[in-house]
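Report on the structure given below.
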Amino acid sequence: MPEPPPRQRVRESFDRAAASYDDAAVLQRQVCESLLAGFTPTPEPTSILDAGCGTGYGARLLRNRWPDATITAVDFAPAMLARARQDADLCLAADIEALPCQADCYTTWWSNLTVQWCAVGPVFREARRVLRPGGQLALSTLGPGTFDELRVAFSGIDRHRHTLTFSEPATIEAALAGAGFCEIRLHRETISLHYPDLKTLLRAVKDIGANSVGEGARSGLLGRAAWQRVQTAYEAHRTAAGLPARYDVILAYARK
């Protein structure tokens, strides 16, 4: 199972990205809408926990679909949570690996593109703990095909890893089962966004808080010659729409 990046570094990245996040989060909105479109819980939710709520886009969609449900938004980046307050009934500054919530208190646990930053075992055990019996989970995360073009472009430049390591769908399914979930259903899709050049692509990624992408474990910036080689390698992937950033999206649904 992939090791998540250090928690404090992730929190600081998302705090810094809060102001730019909504303008840059094209993928997050698209995936959030797909996650909701595939979610048909029965009975309908009455109390929803939005785990890793970001600036509240998911909470707004959930509110529109189930206006009578109580929504609790959770995020460990205070600047993100501050922007989500208008869309939730309650906001909690907390880590979704250790929720400050009583057991059996939510009908629905929801999370959009958050668990790839976490250790999925603790996250799923906490999700099951706070859900009521029969409660349902809906989450999206990223699979190992994410940033394939970027990974290829950086290969051979140095020994460092320039992208995160993402979980296979089978790993997500096994972790959900291991946490005690049943009726597990997974869907996988590829989404590609396009940019005019590599600098714009990397800036868009960083504007949503993913600061480690394109940097890896380096202590400094790439030299000019190395950067030129990366740009040239990435150009091989150019399409009529521009340079692609590929996202391997995993949607998962389950019941306690």
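The values are calculated or read from the model by the stated rules, or taken from the named source; none is laboratory data. These numbers were taken from a predicted model, which means no experiment stands behind them. With ideal geometry, Cβ positions are generated from the backbone for all residues, glycine too; neighbour counts draw on all protein chains shown.
Table: residues versus (1) modelled with pLDDT under 95; (2) among the polar types (S, T, N, Q).
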| site | (1), (2) |
| --- | --- |
| A82 | yes, no |
| R85 | yes, no |
| Q102 | no, yes |
| W110 | no, no |
| C118 | yes, no |
| F124 | no, no |
| R132 | no, no |
**Asked** Which pairs do you get when a residue that is surrounded by fewer than 19 Cβ atoms within 10 Å (Cβ to Cβ) and among the acidic types (D, E), found in the stretch 93-116, comes within reach of a residue that is modelled with pLDDT of 95 or more and part of a strand (DSSP E or B), reach meaning Cβ atoms under 6 angstrom, with the pair 6+ apart or on two chains?
**Response** D104/R132
**Item:** Residue list for the stretch 73-91, restricted to those being over 18 Å from the mean Cα position of the chain (by Cα) and either aliphatic (A, V, I, L, M) or crowded, with 19+ Cβ neighbours inside 10 Å (or both)
**Value:** A82, D87, A88, L90, C91
